[in-house]
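Beneath this line is the structure, given in structure tokens, with notes to follow.
The values are calculated or read from the model by the stated rules, or taken from the named source; none is laboratory data. Small disclaimer: the values here were computed from a predicted structure and weren't measured. Quick reminder, even Gly has a Cβ in these numbers, built from the backbone with ideal geometry, and neighbours come from all protein chains shown.
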Amino acid sequence: RKEMIEKLENLVASENSIEPTSYVIEQMRNCGAYHATALLYVSHSMYRQGLQVWSELGAGEIKEEGRDGVEETISFLSKHDNFQHIWLFSSWVLRNYPDRGIQIFTCDKRVAPLPAHRVLEHLDSFQSDENGENIKFGFLKLKYLEYLVSRNKESASDTSGEEYETLLAKEIIRVLDSLYEQNEKLHHLFGPFDEKNEGSVVIQQTRDKLLILFL
């Protein structure tokens, strides 16, 4: 069965004449070929429907061995140019897998770069989880700004590098401050935040240097 599903995936992943009619989709879903269903949608430029199937896999609403919809969504959105699809379907990946989801915005496979200000606004909504407890969300904007600074250093024609460097410095300070606020939650990583703790000293020194250089 697995081998047959793989053959089906290979068939619909390339140019094909299989129309994604309701009957075809129903039959494919009934046999558990959800990833192949998404690929069929995408091959016919029905991107939203394909992304929806992958998001259902990611949410556990449907199950297929070896597929969770995460890498599929990241890979597709990293090259996709429809902003609405990117904002909508990157959200569940960022919420559940922030370290992996940020790749959607730091990948250079896209023909035209996304508007940086819009990406920053999008990432701002993931600064914390519903309880304000997941510190990984706080690093999303930081990682994207690091990407922008690096990209602009390689592009002599882009004059926004200084702006991004300033934003990056401020974001580093914000993240460092949030680490202090989550003392107890980071205890297992750095130990108590006191003057004798090496992790605390490094954070404080980094923050002080940035304050002097950029503020």
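Worth a mention:
- Filter result (buried (at least 18 other Cβ atoms within 10 Å of the Cβ) and either assigned to a loop (DSSP other than H, G, I, E, B) or at pLDDT below 95 (or both)) within region 68-93: GLY69, HIS80
- The conditions of being over 30 Å from ASN152 (Cα atoms) and free of Cβ contacts under 8 Å to residues at least 60 places away in the same chain are met by ARG48.
- If you check SER43, SER55 for being hydroxyl-bearing (Ser, Thr, Tyr), more than 17 Å from LYS109 (Cβ to Cβ), over 20 Å from the mean Cα position of the chain (by Cα) and assigned by TED's automatic domain parsing to the domain that holds GLU6, only one passes: SER43.
- Complete set of residues in region 29-39 that are among the hydrophobic types (A, V, I, L, M, F, W, C), part of a helix (DSSP H, G or I) and out of contact with any Phe, Trp or Tyr (no Cβ under 8 Å at 6 or more places or on another chain): ALA36, LEU39
- Residue selected from region 111-157 under the condition assigned to a loop (DSSP other than H, G, I, E, B) and at pLDDT 80 or above, by the criterion nearest to the chain's Cα centre (by Cα): PHE126
- Check on GLU26, surrounded by fewer than 13 Cβ atoms within 10 Å (Cβ to Cβ), in the same structural domain as ARG1 (by TED's automatic domain parsing) and outside any helix (DSSP H, G or I): no
- Residue in region 90-107 that is out of contact with any strand residue (DSSP E or B) (no Cβ under 6 Å at 6 or more places or on another chain), without any contact (Cβ under 8 Å) to a residue 12 or more places away in the chain and not small (Gly, Ala, Ser) present: no
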